[in-house]
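The structure under discussion appears below in the form of structure tokens.
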Amino acid sequence: MGYYLSPAISLGEFYSDNINLAPDASRRSDSATIITPSLQGCTVGSRLRAQFSYTGQAIHYAQGTPKDKYYNRFNGSLNSVLYADHLFFDASGSYGQTVINPGQAYSGNNVFLTGNRTNVWSYQLSPYWRQGVGPLGTAILRYDYGQTGYADSSLSGSRTYTTTFDLTNPNDTVAWSWHLHWKTSRVKYAQNNQVQHFDDAYLSLGYLLFPNLQLIAKGGVETEYQPDGTVNRYGSRYGSAGFKYSNGFASLAVTYGWQYFGHVWSVDTSYRTPNLLFAASYAETTTDTALVQSSQSSNQPGAIVPLNQPQITNAYISKRASGSVTYLMSRSQIALTAYDERRYYRPSSLGHDRTTGATLGWNWKYNALTAVNASFSRERLTTVQTPGTADFINQTSVGITRMLMPNLKLSFNVLRQTRSSHIEANTYTANSAAIQLTAQF
């Protein structure tokens, strides 16, 4: 019960020998002064939980035009109880910046002047009802409404309308488990009024064969997106079977089955020891950009959506693999993350794209006041605009952070970025350095 607020402000200096991430012939250097105020907060009560974070970013360039820019970033969410044990309401919202087209030079940092970023905002509202139904288990009926918009008028915002029903077995069930699920989503795009439908209904069953081993099976119907663009709602049956295994330090779930686009399989595994953390997964799903942006999966590393391409308003089949491994030592840790995602758009005439990437990071706590970090990432990007060719994006960074006082820290980072491409305008090398002083109150 109570609330928490944490304000902070940072003052930094930034320099890059290629502020516009351009080829050698048109690159230019610049420096910038950056002021970053921020505020984080949360509240916890018997019927309401809420949290938010806000970050502002004021940038003054020494030579760039315009001289001054200001950016805002916000994330917030709340969970409330409207009627005890039955009626609930969730809400979330965000505002920030995003890349428009990964097929061109881009950066995740606002200070670089690529002209390939825009402001994006979104929110989701979700009331739901939970009801016990005796020996059948617990039922939840949920409605979700979400909206996404962009500051760039050439990009198409979207609205999502989703209704979901779930019935799961009681917690005291021993051998058998079940999950009855129905979900229908409608996505409407603002620019062309195009509407996409995603429907799914299934029954999944589980049987505990041994204390650590469960057999699982699932069957249902879903909306079918054919290569020619034809959409058949609830027109395709699908099924899968597999197993789940878990003990105190490892878990493995594997399924194999069929869907309208072919044979599919999924894997989800993890392994944990006092010094080692490992996780990996693979899944094949049908979705579109608006649904990805309105879900938690949008926070995972992966392909950046080309927001100014016609594929943005079309469904696609996603085949995604990801994994991570972290090794923990007494004062440091090494972490490796990797992913590979392929997107096959519908209709198939829109083509497909693929992004593969990996990041290796190292953090070392030199002493109670000083920490050192280093990372290297590499990404291979194949877009629908450039079939048969690939761009390679590399980033190497090294940084050090020193606590000057309990609420005051100083950090220094150097960064090198390169991109190789068969399109000359996308090729660049940039070296940067930044120093930042941060005070918390």
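Scan the range 116-127 for residues that are touching a residue at least 40 places away in the same chain (Cβ under 8 Å) and more than 19 Å from the chain's Cα centre (by Cα) and the total you get is 1. Can you spot a residue in the range 341-359 that is of a type outside the set (D, E), assigned to a strand (DSSP E or B), within 22 Å of the chain's Cα centre (by Cα) and under 25 Å from D17 (Cα atoms)? Yes: the range 341-359 contains one or more residues that are of a type outside the set (D, E), assigned to a strand (DSSP E or B), within 22 Å of the chain's Cα centre (by Cα) and under 25 Å from D17 (Cα atoms).
Taken over the range 363-392, the residue count meeting the criterion of being within 27 Å of S349 (Cα to Cα), of a type in the set (A, V, I, L, M, F, W, C) and either touching an Asp or Glu at 6+ places or on another chain (Cβ under 9 Å) or part of a strand (DSSP E or B) (or both) is 3.
A Cβ distance below 8 Å, combined with a sequence gap of six or more or placement on separate chains, defines the contacts here; from the range 202-224, residues that are in a loop (DSSP other than H, G, I, E, B) reach residues that are not aromatic (F, W, Y) in the pairs N212/S246; N212/N247. Has the range 2-15 got any residue that is in a strand (DSSP E or B), within 23 Å of V414 (Cα to Cα) and of a type in the set (D, E)? Within the range 2-15 (the criterion being in a strand (DSSP E or B), within 23 Å of V414 (Cα to Cα) and of a type in the set (D, E)), the answer is yes, since at least one residue qualifies. If the condition is being over 21 Å from V414 (Cβ atoms), surrounded by 15 or more Cβ atoms within 10 Å (Cβ to Cβ) and aliphatic (A, V, I, L, M), then the range 359-400 contributes L381, V384, A390. If you go through the range 184-212 and pick out every residue that is in contact with a strand residue (DSSP E or B) (Cβ under 7 Å, 6 or more places away or on another chain) and within 30 Å of I100 (Cα to Cα), you end up with 12. Can you give me the number of residues within the range 1-43 that are in contact (Cβ under 8 Å) with a residue 24 or more places away in the chain, among the hydrophobic types (A, V, I, L, M, F, W, C) and exposed (fewer than 13 other Cβ atoms within 10 Å of the Cβ)? Count: 2. The residue that is nearest to V195 (Cα to Cα), among those in the range 130-167 that are among the acidic types (D, E) and assigned to a strand (DSSP E or B), is D144. Of the numbered criteria (1) over 30 Å from T383 (Cα atoms); (2) in a strand (DSSP E or B); (3) among the charged types (D, E, K, R), the one R73 fails is (1).
Each value in this text was obtained by applying a stated rule to the coordinates, not by laboratory testing. All figures in this text were calculated on a predicted structure; none of them were measured in a lab. Every residue, glycine among them, receives a Cβ derived from its backbone with ideal geometry; neighbour counts consider all protein chains shown.
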